[in-house]
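Reviewing the structure listed below.
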Amino acid sequence: MTPSQLPLNERVTANPEQPVQASARYVLYWMTAQRRTRANFALERAVDWARHLGRPLLVLEALAVDYEHASDRLHRFVLDGMKDNAAACLRHGVRYLRYVEPRAGAGRGLVKALARHAAVVVTDDHPAHPLGDLAARLRPHLAVRLEQVDSCGLLPMRGTPKVFTTAYAFRRHLQHELPAHLASMPRDHPLRRLRSMPRAVVARSILTRWPELRADPSSDPTALLATLPIDHTVGAVAATRGGSREARARLTHFLAQGLEHYQDDRNHPGEECESGLSPYLHFGHVGSHEVFQAVVAREGWTPDDLDTVVRGKRAGWWGMAPEAEAFLDQVVTWRELAINTCVHLPETYASMASLPAWALRTLHTHALDPRPYTYAPEELEQGATHDAIWNAAQHQLRAQGTIHNYLRMLWGKKILEWSRSPDEALATMIHLNDKYALDGRDPNSYAGILWCLGRNDRAWGPERPIFGTVRYMSSDQARKKLKLGSYLTRFTAAGSKPVGNAR
Ligand SMILES: Cc1cc2nc3c(=O)[nH]c(=O)nc-3n(C[C@H](O)[C@H](O)[C@H](O)COP(=O)(O)OP(=O)(O)OC[C@H]3O[C@@H](n4cnc5c(N)ncnc54)[C@H](O)[C@@H]3O)c2cc1C
């Protein structure tokens, strides 16, 4: 290690041949997947570099317009988060550059231009497309060291030895490996360590070519959204504002009011005891470490409470209250299983090829079975089938950018049942989820969707038409077993009439 380098660790990937430019203007943190200023390993790494080299920190947060499904909904959520990040950086005297691309391609070259004046470039590591590809695309164009830092989950994602195909096997792995990582939490307030540093100066030529967004923190971004070439038919969700402040408020509310009912009532849409954190986790407005630490604080937990025997069971390992363990099983085991699949199957995690052999076989065997109902993808998108529960779920997705978890499973299962083939069902699910869901385009999106087709599950009898031995779910059962409350009336859009060729 030369004096100008920081040691690597299991969360940091870098090309050691790219040099540190110790006397350059600033250290650049290009915030892409973890859009927050707290409990963020990548930001912390950039702060460490800034302190180590005595250079100021520049934080770049950019928003492109040409990614698939760019819409008012997704843009608004990110813009809300930018407002929080701008305020936090201002509070700590750190230069924050917010760039919103006005037209497709306009932002091209910005990171490269900023990197020309950087001692080191630090960015987020992410396992899925397109965020995961950004650093790889940039690296060949840089003459400076680029580091990618993983803040995705409690377990460093690149340290897993293989793809785990069941939650049970992954849970066993976690129970072996996690204890060693639980002491390595990110700093809650990394920016506080830069207090006495000067602010980074950005070259005027760069700011002229790529003008930054200098919005008044209290301003409403509606007017800005209207000027952008994005999908305006998918509107912002008024009830779900983005940003770290909102994420933290939701986490606090959930721990105070939702968590105690989580284990017993999570499946009931009328009970509303889920955390609602998935969009915030997706955009990195909150990280799983912060969520975990908040649960730890509620439980008064210490690592001494861990069961020393690895059993791979959902309950009992953490030594917390049952509802806290049930929640951690989702936000740690299932979420990080999805990340693990993306890391190890980078080309196929969103495709049929990621299904186990038994699921592919049984779906293939039943691919030509007659369908009692078929709906074209466009008909499904309107949420106007013969099935009131399904329609309500689809209307919730369109209106609120989410579906209650249990109904999300039913939503996917019915799309399989009503599509002309499993391939068409997969394409429809991905399209609708990625287009409308605030938490879409996430490792969890593809994990949840492919779970509907048999991934991370086992075969279930009896063998049925269309599904074969893939787990079946029925709306009638859901109606009988779920406390739906006002769910159906709330999300049954007035005037929707059944379409499709019901037979
Ligand atoms: C067809 C289908 C599509 C899905 N698409 C997405 C998606 O686009 N984005 C997304 O984040 N999740 C997706 N899921 C998983 C799950 O439905 C959501 O994570 C959950 O409903 C989010 O609500 P919440 O944050 O209130 O969850 P909570 O129950 O409060 O759970 C807390 C966190 O745990 C994680 N989690 C919960 N359930 C699961 C799960 N089954 N698998 C993996 N992680 C989980 C999420 O990060 C979630 O935010 C999908 C599931 C299905 C069946």
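Okay, here's what the table says:
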| quantity | calculated |
| --- | --- |
| Out of A249, A239, sole residue that is part of a loop (DSSP other than H, G, I, E, B), of a type outside the set (D, E, K, R) and outside the structural domain of G485 (by TED's automatic domain parsing) | A239 |
| Number of the exception - M185 against (1) buried (at least 17 other Cβ atoms within 10 Å of the Cβ); (2) under 21 Å from the mean Cα position of the chain (by Cα) | (1) |
| Tally, over the stretch 239-271, of residues that are surrounded by 15 or more Cβ atoms within 10 Å (Cβ to Cβ), under 21 Å from the mean Cα position of the chain (by Cα) and under 18 Å from Q400 (Cα atoms) | 7 |
| The one condition in (1) in a helix (DSSP H, G or I); (2) within 20 Å of R245 (Cα to Cα) that R187 fails to fulfil | (1) |
| Qualifying residue in the stretch 122-139 (condition: assigned to a helix (DSSP H, G or I), crowded, with 16+ Cβ neighbours inside 10 Å and not assigned by TED's automatic domain parsing to the domain that holds L53) | no |
| Test result for E68, over 28 Å from Q400 (Cα atoms), among the acidic types (D, E) and either buried (at least 22 other Cβ atoms within 10 Å of the Cβ) or touching a residue at least 24 places away in the same chain (Cβ under 8 Å) (or both) | no |
| Complete set of residues in the stretch 136-190 that are without any contact (Cβ under 8 Å) to a residue 24 or more places away in the chain and more than 18 Å from K313 (Cβ to Cβ) | A136, R137, P140, P161, A180, S184 |
| Residues (of a type in the set (D, E, K, R), under 22 Å from G93 (Cα atoms) and outside any helix (DSSP H, G or I)) located in the stretch 197-224 | R199, E212, R214, D216 |
| Boolean, G468 is away from the ligand (no atom under 13 Å from the Cβ) and either touching a Gly at 6+ places or on another chain (Cβ under 7 Å) or not basic (K, R) (or both) | yes |
| Residue within the stretch 76-88 that is surrounded by 17 or more Cβ atoms within 10 Å (Cβ to Cβ), acidic (D, E) and closer than 20 Å to H285 by Cα present | yes |
| Of all residues in the stretch 36-63 being among the small types (G, A, S) and out of contact with any Asp or Glu (no Cβ under 6 Å at 6 or more places or on another chain), the one that is farthest from V120 (Cα to Cα) | A62 |
| Qualifying residue in the stretch 87-106 (condition: in contact (Cβ under 8 Å) with a residue 24 or more places away in the chain and under 22 Å from P443 (Cβ atoms)) | no |
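The values are calculated or read from the model by the stated rules, or taken from the named source; none is laboratory data. Everything numeric here is computed off the predicted structure, so don't read it as measured data. Neighbour counts run over all protein chains shown; Cβ positions are idealised from the backbone, glycine included.
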